[in-house]
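Peer 1: Structure provided below as structure tokens; questions to follow.
Readers should treat all values here as calculations from the given coordinates under stated rules, not as data from a laboratory. These numbers come from a predicted model, not from an experiment. Here Cβ is always computed from backbone atoms with ideal geometry, including for glycine, and neighbour counts include all displayed protein chains.
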Amino acid sequence: MSQVLVLNSSLSGEASVSRLLVAETVSQLVARDPAAKLVFRDLAETEIPHLNPRTVAGVRATASTPAETKARALSDELIAELRAADTIVIGAPMYNFSIPSTLRTWFDHVLRAGETFSYSEAGPKGLLEGKRVIVVESRGGLYSEGPAQALDFQEPYLRQLLGFIGLTDVTFVQAEKIGYGPDARAAAIEGAKARLADLIARDLSQAA
């Protein structure tokens, strides 16, 4: 039985394009693998606390206080979910040309030396391999090409964070120009749904 970790980070609730497309992704995955186990993390509804001077040692050093121990326990829980997943689905809207702080905080807890990456004389090495990641990106403008491409700090940043812990089988599905009006929004959603359907069908045919 496969396991799917589903992360949502949009603050827009039912109006969120990334949430809609994450739900579509999960629906298609389950349709093809009804026995799949789903683990959901809504990073907007149940926020992961930002690390601060009272908690940071729980993730980046040795926990010795109650606050640090609590931070370590949450980091352990999030890493366990990530390690158990065969597929990770991430809903990542573009906020201020990058990612929501809620998603960044999740990464702060799961990028942990000795657990998800290691250091050696050869440099850092990701320890989470053999997993598939599908990232749904929603964007108000057009950033995949043209003049605004230089302002895209969302996709390169996510690719770097995921690759740093060994997650290199990553596919980005974009819904762009959703701020250009209802027609553009609808077209972006339908285009992303079609790309998701093709992606999942192709991956499954290759695995067969």
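Peer 1: Express in nm, to one decimal, how much length is gained between ARG54 and LEU38 on full extension, taking 0.36 nm for each residue of separation and deducting their alpha carbon distance.
Peer 2: 2.5 nm
Peer 1: Take GLU47 and TYR157, extend 7 Å from each Cα along the Cα→Cβ direction, and tell me the distance between the two endpoints in nm.
Peer 2: 1.7 nm
Peer 1: Determine the gain in length on full extension of the stretch GLU129-GLN3; use 0.36 nm per residue of separation and subtract their C-alpha separation, reporting nm with one decimal.
Peer 2: 43.9 nm
Peer 1: Right, next: Just tell me the longest site-free run in the chain, where the sites are GluC sites (Glu not before Pro) in a DSSP loop having at most 14 other beta-carbon atoms within 10 Å.
Peer 2: 48-120
Peer 1: Expressed as a rounded percentage, what relative contact order does the chain have, with Cα pairs under 8 Å and six or more residues apart?
Peer 2: 21 percent
Peer 1: Still on this structure: Tell me the mean residue ellipticity at 222 nm calculated for the chain from its helices only (DSSP H runs of n ≥ 4, each -39500 (n - 2.57), averaged over every residue, nearest 500).
Peer 2: Taking each H run of at least 4 residues, the total per residue is -13000 deg cm²/dmol.
Peer 1: For the chain, what log10 I(q)/I(0) values come out of the Debye formula at q = 0.10 1/Å, with one point per alpha carbon and no solvent?
Peer 2: For the requested q values the scattering log ratios are -0.45.
Peer 1: So, one more: Would you please report the Å³ per residue occupied by the convex hull of the alpha carbon atoms in segment 65-184?
Peer 2: Roughly 133 Å³ of hull volume per residue.
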